[in-house]
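All remarks here apply to the structure that follows.
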Amino acid sequence: MSQSALGATSLGTLGRAAAVGAGGLIATSAHASKKLKRMRPQPGDELVFAFGDKPHEPVSVASLEAGAPPVLAVPREPGTALVRDGSRLNNLAVVRLAESALPVSAKTARHAAGDVIVFSAVCTHTGCTVEKWNADAQHLICPCHQSEFKVADAAKVVNGPAPKPLAMLPVKVENDRLVVTGKFSRRVGIQPQQ
């Protein structure tokens with residue numbers, strides 16, 4: 001084999017190896033991205049609308065009507081477009097309480113940003129999305145088995161088969177946006193019956 005043919009073969013082999021290597025990097029990058037999308041909310045993440053007219057746009061405090069039904073949101077990594085919507089355990093119910101429901105319990109106040117409270121939207125009974133609202137009582141309601149959670153008292157179960165309260169997510173307001181300050185108050189999702 002001539003020197004030039006040997007060089008061409010070596011370069012061809014290197015080119016294929018580089019292509020395979022780049023493909024591996026792309027696959028690794030895609031896997032890492034999926035993992036980050038499934039990651040629980042992290043301190044510093046901002047909350048964005050999960051869907052609707054403004055999907056993945058920041059939830060502003062000004063957009064939340066006091067006493068209105070919850071807004072469904074998901075966390076987004078700050079400074080990037082990475083939305084942590086790869087796990088339904090990251091679905092959040094954002095509630096702005098009516099003045100009639102105030103004051104909140106001390107436990108709720110530790111996680112709230114004034115009259116705005118963020119809960120896991122995953123019911124502790126069978127994992128349904130908690131999105132119904134009792135405006136008079138200011139309670140979240142699971143549509144599957146009608147478990148009812150008292151928002152002002154750390155989502156305490158007041159009716160239904162849910163064995164535990166919903167997890168709360170601590171937040172603060174920064175430039176009218178909701179920003180995560182810590183981890184969920186308890187395990188998210190289905191809980192064992194007591």
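Derivation of every value follows stated rules applied to the coordinates shown; laboratory data play no part. These numbers were taken from a predicted model, which means no experiment stands behind them. Reconstructed Cβ throughout: ideal geometry from the backbone, glycine too, with neighbour counts over all protein chains shown.
Here are the numbers for the structure shown:
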{"read-out": "Reach of Lys132 by Cα under 14 Å, taken over aspartates and glutamates that are not fewer than 8 positions away in the same chain", "value": "Glu148"}
{"read-out": "Sites Ser33 and His145 - FRET efficiency at Förster radius 45 Å, r taken between beta-carbons, to 0.05", "value": "0.80"}
{"read-out": "Around Leu82: net Lys/Arg minus Asp/Glu count, Cβ-Cβ under 13 Å", "value": "+2"}
{"read-out": "Sum of side-chain charges, Ser33 neighbourhood, beta-carbon under 15 Å (Lys, Arg +1; Asp, Glu -1)", "value": "+4"}
{"read-out": "Highest-first arrangement of 122-134, 75-87, where packing means the average Cβ count within 10 Å", "value": "122-134, 75-87"}
{"read-out": "Positive dipole terminus of the stretch 36-194, leading residue within Val83, Pro70, Pro58 (C-beta point charges)", "value": "Val83"}
{"read-out": "Cα gyration tensor shape for the stretch 46-180, rounded if a/c is under 1.5, else prolate or oblate", "value": "oblate"}
{"read-out": "Separation of the Gln193 and Ala81 label points, Cα + 7 Å toward Cβ, nm", "value": "4.7"}
{"read-out": "Charge context of Asn159, other residues only, Cβ under 10 angstrom, K/R +1, D/E -1", "value": "0"}
